[in-house]
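Participant: I have a structure I would like to understand better, so I am pasting it below and will then ask my questions one at a time.
The values are calculated or read from the model by the stated rules, or taken from the named source; none is laboratory data. Here the structure is a predicted model, which is why all the values come from computation and not from measurement. Every residue, glycine as well, gets a Cβ built from its backbone with ideal geometry; the counts of neighbours run over all protein chains shown.
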Amino acid sequence: MGGLLAARALSEAFDRVTLVERDELGAEARDRRGVPQGRHVHVLLPRGSQVLGSLFPGIADELGAQGVPHTQLARQIRFVVSGHRLVRGHLGPTMLQPTRATLEHAVRGRVAALPGVEFVNGCDVTGLVSTGGRVTGARFVRRAGGGAEEVVEGDLVVDALGRSGRSIEWVSRLGFARPPEERIQVGIRYASCFMRTPPDALAPEQGILVGPVPGRTRAMAFMACEGDRWLLTVAGMAGDHPPTEPDALMAYLDTIAPPDVREVIGKSERLSDVVTHTFPASLRRRYEKLRAYPDGLLVFADGLCSFNPVYGQGMTVASLEAEALRTCLEGGDRGLAGRFYRAAAKVIEPAWQLSAAGDLALPEIKGPRSLATRLINRYVARLHRVGATDVAVADAFWRVAGYLDPTPALLRPKVALRVFTR
Ligand SMILES: Cc1cc2nc3c(=O)[nH]c(=O)nc-3n(C[C@H](O)[C@H](O)[C@H](O)COP(=O)(O)OP(=O)(O)OC[C@H]3O[C@@H](n4cnc5c(N)ncnc54)[C@H](O)[C@@H]3O)c2cc1C
């Protein structure tokens with residue numbers, strides 16, 4: 001997703017954009033090896049849905065025609081957070097609810113239609129090409145082709161290889177320092193499967209999200225998606241991992257799901273095997289703090305920051321990075337890496353703060369808690385409690401969680417007054 005979104009921004013500034021991808025990509029929307037996280041719930045937050053719509057006009061309708069739900073966040077998602085079920089809010093932010101495979105397929109189709117864009121699939125990127133401290137291309141090997149290294153040259157190389165992209169090592173071999181890192185050990189595992197519920201069993205709700213609480217580091221998401229299916233994801237943090245055996249998974253779910261939801265899941269048909277994904281730690285690489293970095297190279301999306309997935313931030317942040325890249329490219333090539341990393345850091349910072357604060361609200365997660373973090377977490381826990389009955393407070397939270405308002409919006413006087421007095 002990062003590579004596709006970056007390509008959208010790059011295609012405005014360069015005559016030719018080449019996407020080199022490890023997987024062979026068929027004509028159909030499919031889960032694939034290179035994106036193992038794609039088989040689990042992948043929420044595109046309202047802000048991400050908006051940015052995607054502005055980068056690819058009409059994509060929401062295109063997805064809608066494929067049966068992708070278009071959900072009223074505050075009215076059709078049941079959100080149980082800090083142990084409190086938020087009251088239904090006003091009509092407001094909406095979000096698209098495709099599976100990751102369908103979303104990526106639609107975005108790839110749009111990117112493929114851009115002038116000058118070329119896909120080179122089934123190839124492993126193996127290194128960089130550089131001259132005089134400037135990156136001038138990338139090396140790759142065709143998976144089916146017997147191993148001879150080939151080179152794609154470029155004025156700019158973007159590493160969108162995900163969290164484990166290796167440009168960090170390739171650049172350090174050129175003599176540049178590695179970026180400082182921040183890490184929060186969340187030790188989370190997802191277990192997911194598709195289900196078919198009895199007709200309209202949860203209507204008008206299109207999704208149920210239950211977050212972890214101190215003492216129970218378990219969470220769940222049950223989300224409607226295209227194909228008249230629901231995707232169930234059960235998650236456990238701090239090593240309290242969900243089992244994969246279906247009956248044991250249901251027993252684990254008993255400790256998280258609201259009883260009516262658990263009953264519907266019990267009556268639903270399981271359409272797929274249970275698959276898992278383990279995510280050890282949220283990881284932020286502070287490229288903006290480096291004094292020296294090679295020209296001609298940028299790291300993008302999860303390579304910059306990969307967040308604890310329970311907050312559903314990664315793709316929305318990547319779409320905002322694409323907007324930032326577009327603006328930086330308008331300013332030309334000079335100092336591009338520094339300008340982009342600073343702009344990306346502004347996008348990442350609030351998302352990182354939001355997820356870090358959420359993680360550190362759980363005593364089971366290790367990490368330093370400043371006085372400010374502790375005070376904010378107490379305030380937010382109270383806000384969630386008030387949001388169980390107060391629509392204005394719940395709406396304010398929805399907007400921040402959906403990335404439509406900055407986090408300080410939760411401290412605005414009209415919200416804070418209600419939080420403290422109710
Ligand atoms: C379990 C889980 C659940 C998540 N849920 C959400 C969610 O609800 N909402 C959300 O917004 N985000 C979510 N995310 C995050 C989201 O998946 C990423 O933020 C998003 O995909 C952007 O990542 P990316 O483009 O950097 O990397 P990826 O999407 O992982 O893509 C990396 C690409 O690089 C390719 N590649 C890797 N190495 C090579 C190589 N050497 N040569 C060639 N190609 C290579 C891979 O095949 C892949 O296509 C979740 C993540 C996880 C782990």
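Participant: State the number of residues belonging to segment 157-171 that are touching a strand residue (DSSP E or B) at 6+ places or on another chain (Cβ under 9 Å) and part of a helix (DSSP H, G or I).
Facilitator: Of the residues in segment 157-171, 4 are touching a strand residue (DSSP E or B) at 6+ places or on another chain (Cβ under 9 Å) and part of a helix (DSSP H, G or I).
Yes or no, residue by residue, for (1) within 12 Å of the ligand (Cβ to nearest atom); (2) assigned by TED's automatic domain parsing to the domain that holds L114; (3) of a type in the set (D, E); (4) in a loop (DSSP other than H, G, I, E, B):
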residue: E12; (1), (2), (3), (4): no, yes, yes, no
residue: R22; (1), (2), (3), (4): yes, yes, no, yes
residue: Q50; (1), (2), (3), (4): no, yes, no, no
residue: S54; (1), (2), (3), (4): no, yes, no, no
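Participant: Consider segment 80-96. How many of its residues are within 14 Å of the ligand (Cβ to nearest atom) and either within 23 Å of H384 (Cβ to Cβ) or in a helix (DSSP H, G or I) (or both)?
Facilitator: Total meeting the criteria: 1.
Participant: Sticking with this one: Find the residue count for segment 247-288, including only residues that are surrounded by fewer than 17 Cβ atoms within 10 Å (Cβ to Cβ), among the hydroxyl-bearing types (S, T, Y) and in a helix (DSSP H, G or I).
Facilitator: Of the residues in segment 247-288, 0 are surrounded by fewer than 17 Cβ atoms within 10 Å (Cβ to Cβ), among the hydroxyl-bearing types (S, T, Y) and in a helix (DSSP H, G or I).
Participant: Yes or no: I365 buried (at least 17 other Cβ atoms within 10 Å of the Cβ) and within 16 Å of the ligand (Cβ to nearest atom)?
Facilitator: Here the answer is no, as I365 does not meet what is asked.
Participant: Is it true that V107 is assigned to a strand (DSSP E or B), touching a residue at least 60 places away in the same chain (Cβ under 8 Å) and hydrophobic (A, V, I, L, M, F, W, C)?
Facilitator: Judged against the criteria, V107 is not a match.
Participant: Residues being surrounded by fewer than 24 Cβ atoms within 10 Å (Cβ to Cβ) and more than 8 Å from the ligand (Cβ to nearest atom): count how many of those fall in segment 294-307.
Facilitator: Qualifying residue count, segment 294-307: 3.
Participant: Which residues, counting only those in segment 24-42, are over 19 Å from M223 (Cβ atoms) and within 10 Å of the ligand (Cβ to nearest atom)?
Facilitator: Those that are over 19 Å from M223 (Cβ atoms) and within 10 Å of the ligand (Cβ to nearest atom): L25, R32, R33, G34.
Participant: Now a separate question. Looking for whichever is more than 16 Å from the ligand (Cβ to nearest atom) and within 30 Å of P57 (Cβ to Cβ) here; the options are G175, G146, G116. Which one fits?
Facilitator: Only one candidate passes the filter, namely G116.
Participant: Right, here's the next one. Just to verify a result, which residue in segment 309-327, among those that are of a type outside the set (V, I, T) and under 9 Å from the mean Cα position of the chain (by Cα), is surrounded by the fewest Cβ atoms within 10 Å (Cβ to Cβ)?
Facilitator: Among them, the one singled out is Y311.
Participant: Between residues in segment 16-32 that are in contact (Cβ under 8 Å) with a residue 12 or more places away in the chain and among the aliphatic types (A, V, I, L, M) and residues that are part of a loop (DSSP other than H, G, I, E, B) and more than 14 Å from the ligand (Cβ to nearest atom), which pairs lie under 7 Å by C-beta distance while being six or more apart or on different chains?
Facilitator: Matching pairs, first to second residue: V17/G116.
Participant: Quickly run through segment 18-43 and pick out the residues that are crowded, with 24+ Cβ neighbours inside 10 Å and touching a helix residue (DSSP H, G or I) at 6+ places or on another chain (Cβ under 6 Å).
Facilitator: H42
Participant: Counting only residues that are under 27 Å from G3 (Cβ atoms), assigned by TED's automatic domain parsing to the domain that holds D228 and small (G, A, S), how many does segment 161-206 have?
Facilitator: Qualifying residue count for the region: 1.
Participant: From Y287, Y252, grab the single residue that is at negative phi and in contact with a helix residue (DSSP H, G or I) (Cβ under 6 Å, 6 or more places away or on another chain).
Facilitator: Sole residue among the options that is at negative phi and in contact with a helix residue (DSSP H, G or I) (Cβ under 6 Å, 6 or more places away or on another chain): Y287.
Participant: Of all residues in segment 119-143, which are under 30 Å from A292 (Cβ atoms), within 15 Å of the ligand (Cβ to nearest atom) and free of Cβ contacts under 8 Å to residues at least 24 places away in the same chain?
Facilitator: Answer for segment 119-143, where residues must be under 30 Å from A292 (Cβ atoms), within 15 Å of the ligand (Cβ to nearest atom) and free of Cβ contacts under 8 Å to residues at least 24 places away in the same chain: T126, G137, R139, V141.
Participant: Something else: Hey, R134 hits all of (1) over 28 Å from S355 (Cα atoms); (2) among the basic types (K, R); (3) within 22 Å of the chain's Cα centre (by Cα) but one; which does it fall short on?
Facilitator: (3)
Participant: Six or more apart or on different chains, Cβ atoms under 7 Å: show the pairs whose first residue is in segment 62-73 and on the phi < 0 side of the Ramachandran plot and whose second is exposed (fewer than 14 other Cβ atoms within 10 Å of the Cβ).
Facilitator: Close Cβ pairs (under 7 Å, with a partner that is exposed (fewer than 14 other Cβ atoms within 10 Å of the Cβ)) amount to Q72/L91.
Participant: Continuing with this model, one more query. Taking the criterion of being β-branched (V, I, T) and either touching a helix residue (DSSP H, G or I) at 6+ places or on another chain (Cβ under 6 Å) or not assigned by TED's automatic domain parsing to the domain that holds V274 (or both), would at least one residue in segment 211-228 satisfy it?
Facilitator: There is no residue in segment 211-228 that is β-branched (V, I, T) and either touching a helix residue (DSSP H, G or I) at 6+ places or on another chain (Cβ under 6 Å) or not assigned by TED's automatic domain parsing to the domain that holds V274 (or both).
Participant: Is segment 196-209 home to any residue that is modelled with pLDDT of 95 or more, under 22 Å from Y287 (Cβ atoms) and surrounded by 19 or more Cβ atoms within 10 Å (Cβ to Cβ)?
Facilitator: No, that holds for no residue.
Participant: G332 is checked against (1) free of Cβ contacts under 8 Å to residues at least 40 places away in the same chain; (2) in a loop (DSSP other than H, G, I, E, B); (3) farther than 25 Å from L4 by Cβ; (4) not hydroxyl-bearing (S, T, Y) and fails just one. What number does that condition carry?
Facilitator: Of (1) free of Cβ contacts under 8 Å to residues at least 40 places away in the same chain; (2) in a loop (DSSP other than H, G, I, E, B); (3) farther than 25 Å from L4 by Cβ; (4) not hydroxyl-bearing (S, T, Y), only one is false for G332: (3).
Participant: Within segment 368-405, restricting attention to residues that are basic (K, R) and in contact with a helix residue (DSSP H, G or I) (Cβ under 7 Å, 6 or more places away or on another chain), which residue is surrounded by the most Cβ atoms within 10 Å (Cβ to Cβ)?
Facilitator: If we take residues in segment 368-405 being basic (K, R) and in contact with a helix residue (DSSP H, G or I) (Cβ under 7 Å, 6 or more places away or on another chain), then R399 is surrounded by the most Cβ atoms within 10 Å (Cβ to Cβ).
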